[in-house]
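The values are calculated or read from the model by the stated rules, or taken from the named source; none is laboratory data. Everything numeric in this text was worked out from a predicted model, so none of it was measured. Cβ placement follows ideal geometry from the backbone for every residue including glycine, while neighbour counts extend to all protein chains displayed. Just the protein is used for accessible areas: all its heavy atoms, side chains included, with ligands, DNA and RNA removed. Shrake-Rupley method; radii C 1.70, N 1.55, O 1.52, S 1.80 Å.
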Amino acid sequence: MAKNQRKKIAFITGITGQDGSYLAELLLKKKYEVHGLIRRSSVFNAQRINHLELFLHYGDLADSGSLEAVLSKVKPDEIYNLAAQSHVQISFEIPEYTADVTGLGVLRLLEAMRRHCPRAKFYQASSSEMFGAVKETPQNENTPFNAQSPYGIAKVFAHESVGCYRDAYGLFACCGVSFNHESPRRGENFVTRKITKSIAGIKAGIQDEIFLGNLDAKRDWGFAPEFAEAMWLMLQQEKPDDFVIATGEVHTVREFVKAAFNCAGIKNWKKYIEIDPRFYRPNEVNVLQGDASKARKILGWKPRVTFKELVEIMMKEELKNENLLSG
């Protein structure tokens with residue numbers, strides 16, 4: 001960086017989450033000044049970013065005043081909205097809150113951007129759950145939405161809001177329609193992390209079984225740090241656009257379970273699995289498979305970590321945490 005060249009300023013909501021932490025690391029390596037939005041709570045939940053030099057601001061997507069205040073102060077060059085109530089099953093239990101934060105929260109953020117930093121570039125974390133009961137397979141940028149959960153519906157509202165503000169006000173606003181992406185930093189209430197953490201517990205002798213729902217659900221699983229790279233690439237383009245980010249491969253939950261048990265060196269995985277109806281969704285989404293051809297062509301992005309490697313990365317980290325990793 002030249003001596004007199006100003007650092008780019010990035011603002012990330014959801015910075016304490018899986019994606020936010022990986023994106024913050026990426027941007028810091030690229031010499032950005034990174035600011036993040038965090039909610040005020042009795043517990044400072046920032047384990048994923050404690051090692052990073054960041055500027056953190058209190059605020060909430062449910063509070064437009066806090067968003068206005070932060071953006072007017074920070075004046076970012078790039079805004080990455082990764083915050084949401086992002087758990088599909090939980091969205092059925094708290095649908096109104098999910099709609100408010102995951103849906104309306106994006107509208108509040110776009111409005112604050114329009115008023116205080118309209119020249120910034122905006123990234124919205126859209127979701128494959130918007131496709132829901134899919135109309136075609138694989139799903140691309142032109143596939144119709146058919147959301148089957150309050151979370152998916154809220155994400156559709158947010159996605160369409162971005163398109164509206166892009167067209168109406170000329171904002172540089174993009175949506176990345178991300179399919180499932182995992183890592184050792186994945187929240188423990190998501191099925192992949194629940195599986196790997198539980199297997200480590202079984203191997204350590206502190207857990208006897210894993211309660212799961214639909215083992216036949218098929219998902220397109222990628223590696224979260226690679227998805228963070230795609231987010232950044234979208235905002236480096238000359239024109240704003242929307243992109244599907246996915247590996248293009250599908251695997252069942254059962255396959256993930258088998259691969260994780262195998263990685264942990266535990267045979268006869270079936271004796272540790274209990275099917276619990278509580279973990280079935282009211283509306284099941286059976287198959288999600290993304291077509292990222294557009295991202296490959298325009299962004300030059302492609303996944304590098306395979307499904308098997310992803311499972312191994314997650315499982316080995318769990319075993320390491322339990323002091324069970326040999327060698």
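Looking for whichever is aromatic (Phe, Trp, Tyr), over 23 Å from Gln89 (Cβ atoms) and touching a residue at least 24 places away in the same chain (Cβ under 8 Å) here; the options are Phe243, Phe256. Which one fits? Reasoning before the result, please.
Values: Phe256 fails: over 23 Å from Gln89 (Cβ atoms).
After applying the criteria, what remains is Phe243.
One residue is enough: does the stretch 253-273 have a residue meeting the conditions among the polar types (S, T, N, Q) and more than 22 Å from Glu129 (Cβ to Cβ)?
Restricting attention to the stretch 253-273, the residues satisfying the condition of being among the polar types (S, T, N, Q) are 262, 268.
Retained after the next criterion (residues that are more than 22 Å from Glu129 (Cβ to Cβ)): 262, 268.
Yes - at least one qualifying residue is present in the stretch 253-273.
Take Val285 and decide whether it is of a type in the set (Val, Ile, Thr), within 29 Å of Ala133 (Cβ to Cβ), within 24 Å of the chain's Cα centre (by Cα) and part of a loop (DSSP other than H, G, I, E, B).
Details: of a type in the set (Val, Ile, Thr): yes; within 29 Å of Ala133 (Cβ to Cβ): yes; within 24 Å of the chain's Cα centre (by Cα): yes; part of a loop (DSSP other than H, G, I, E, B): yes.
Considered against the rule, which asks whether it is of a type in the set (Val, Ile, Thr), within 29 Å of Ala133 (Cβ to Cβ), within 24 Å of the chain's Cα centre (by Cα) and part of a loop (DSSP other than H, G, I, E, B), Val285 comes out as yes.
Looking only at the stretch 113-146, which residues are in contact with a strand residue (DSSP E or B) (Cβ under 9 Å, 6 or more places away or on another chain) and among the small types (Gly, Ala, Ser)?
Ala120, Ala125, Ser126, Ser127, Ser128 - these are the residues of the stretch 113-146 that are in contact with a strand residue (DSSP E or B) (Cβ under 9 Å, 6 or more places away or on another chain) and among the small types (Gly, Ala, Ser).
Among the residues of the stretch 185-195, are any open to solvent by less than 20 Å² (accessible area, probe 1.4 Å) and either closer than 20 Å to Leu27 by Cα or over 22 Å from the mean Cα position of the chain (by Cα) (or both)?
Checked against the condition, which is being open to solvent by less than 20 Å² (accessible area, probe 1.4 Å) and either closer than 20 Å to Leu27 by Cα or over 22 Å from the mean Cα position of the chain (by Cα) (or both), the stretch 185-195 yields no hits at all.
With (1) open to solvent by less than 30 Å² (accessible area, probe 1.4 Å); (2) touching a strand residue (DSSP E or B) at 6+ places or on another chain (Cβ under 9 Å); (3) among the small types (Gly, Ala, Ser) as the list, and Ser293 as the residue in question, which single condition is left unmet?
Failing condition for Ser293: (1).
Going by the conditions given, is Ala158 of a type in the set (A, V, I, L, M, F, W, C) and buried (at least 21 other Cβ atoms within 10 Å of the Cβ)? Full working, then the answer.
Details: of a type in the set (A, V, I, L, M, F, W, C): yes; buried (at least 21 other Cβ atoms within 10 Å of the Cβ): yes.
Answer is yes for this residue.
Out of all the residues in the stretch 292-301, is one or more assigned by the TED database to the domain that holds Pro138, at pLDDT 95 or above and in contact with a Gly (Cβ under 8 Å, 6 or more places away or on another chain)?
Going residue by residue through the stretch 292-301, those that are assigned by the TED database to the domain that holds Pro138 are none.
Within the stretch 292-301, not a single residue is assigned by the TED database to the domain that holds Pro138, at pLDDT 95 or above and in contact with a Gly (Cβ under 8 Å, 6 or more places away or on another chain).
Select from the stretch 159-190 the residues that are part of a helix (DSSP H, G or I) and either in contact with a strand residue (DSSP E or B) (Cβ under 6 Å, 6 or more places away or on another chain) or not aliphatic (A, V, I, L, M) (or both) and list them in ascending order.
So the first thing to find is which residues in the stretch 159-190 are part of a helix (DSSP H, G or I), and the list is 159-169.
The answer is His159, Glu160, Ser161, Val162, Gly163, Cys164, Tyr165, Arg166, Asp167, Tyr169.
On the given criteria, is Phe223 open to solvent by less than 30 Å² (accessible area, probe 1.4 Å) and among the aromatic types (Phe, Trp, Tyr)? So that I can check it myself, show each step before the final result.
Values: open to solvent by less than 30 Å² (accessible area, probe 1.4 Å): no; among the aromatic types (Phe, Trp, Tyr): yes.
No: the conditions fail for Phe223.
Does Gln207 satisfy being outside the structural domain of Ile15 (by the TED database), free of Cβ contacts under 8 Å to residues at least 24 places away in the same chain and open to solvent by 50 Å² or more (accessible area, probe 1.4 Å)? Spell out how you get there, then give the answer.
Values: outside the structural domain of Ile15 (by the TED database): yes; free of Cβ contacts under 8 Å to residues at least 24 places away in the same chain: yes; open to solvent by 50 Å² or more (accessible area, probe 1.4 Å): yes.
Taking the combined requirement at face value, the residue satisfies it.
To keep it simple, each residue is scored yes or no on (1) open to solvent by less than 60 Å² (accessible area, probe 1.4 Å); (2) assigned to a helix (DSSP H, G or I); (3) not hydroxyl-bearing (Ser, Thr, Tyr).
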| site | (1), (2), (3) |
| --- | --- |
| Lys7 | no, no, yes |
| Ala10 | yes, no, yes |
| Ile15 | yes, no, yes |
| Asp19 | yes, yes, yes |
| Glu25 | yes, yes, yes |
| His35 | yes, no, yes |
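Considering only residues of the stretch 296-319 that are in contact with a helix residue (DSSP H, G or I) (Cβ under 9 Å, 6 or more places away or on another chain) and open to solvent by 90 Å² or more (accessible area, probe 1.4 Å), which is farthest from Lys197 (Cα to Cα)?
Top of the filtered list is Lys302.
Please go through (1) open to solvent by 10 Å² or more (accessible area, probe 1.4 Å); (2) within 22 Å of Ala158 (Cα to Cα); (3) part of a strand (DSSP E or B) for His57 and return the number of the only condition it doesn't satisfy.
That leaves (2) as the condition not met.
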